[in-house]
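Before any comments, here is the structure.
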Amino acid sequence: MNIPFENELKLPVVAAPMFLISGPQLVIECCKNGIIGTFPDLNQRTSEGFEQWIIQIKNAFSDFDNETGTKAAPFGVNLIVHHSNPRLKADLALCVKHQVPLIINDSIELCIEVDADGVHLGKQDSSFEKARDQLSADKIIGITCNNSIKKAREALKNKADYIAIGAFNLSRTKKVKYFKTNRHFFFKKSYFIN
């Protein structure tokens, strides 16, 4: 798999877009330190404000490059692809206008429409099989496994390009069933694969 931005990162890490938490300052600091910083488009309450955030981030990167001679890692936006988001098309147009390097989405249709590099599927999104059937072989498909070893094994067996694991901490917005585990278990690939 060819990972976009692979050579622009210190670590292959995406700082997850967190509702109400991720914003320009967090994104800027992540990217200045060599990992991809992201934020949900709806963290900014208007499309006009969303565009200002993109401009603020890009200006900070330009200043960082001029001051240090070092290019910041790319940033990304998590577009909320849901019928309750009336701003989807406007925010997508702003991402295209300002050449946002990474757009995180869970819509196979949107991936096809904008020729995105891939799609990230959560538990309420389309199935991996449907995504693989509809997308070309070069498209990246990631799967949210929450904290389920069973889901992680299934995703790897189906040849998902990557898996997302979490949450492991208390959350006011998501109900999570926790399991006790050795801290190092994620690094043991054999733990997931029979």
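The values are calculated or read from the model by the stated rules, or taken from the named source; none is laboratory data. All figures in this text were calculated on a predicted structure; none of them were measured in a lab. Ideal geometry is used to build each Cβ from the backbone, glycine not excepted, and the neighbour counts take in all protein chains shown. We work out accessible area using only protein heavy atoms, side chains counted, and drop any ligands, DNA or RNA first. Shrake-Rupley method; radii C 1.70, N 1.55, O 1.52, S 1.80 Å.
Observations
- Candidate set from segment 53-92 (those that are basic (Lys, Arg) and either closer than 30 Å to residue 107 by Cα or touching a Leu at 6+ places or on another chain (Cβ under 7 Å) (or both)); member that is most open to solvent (accessible area, probe 1.4 Å): 89
- Subset of segment 4-26 (residues that are of a type in the set (A, V, I, L, M) and closer than 11 Å to residue 102 by Cβ): 14
- Scanning segment 26-51 for residues that are exposed (fewer than 14 other Cβ atoms within 10 Å of the Cβ) and of a type outside the set (Val, Ile, Thr) yields 45, 48, 49.
- Residues of segment 25-36 that are in a helix (DSSP H, G or I) and either touching a residue at least 24 places away in the same chain (Cβ under 8 Å) or among the aliphatic types (A, V, I, L, M) (or both): 26, 27, 28, 30, 31, 32.
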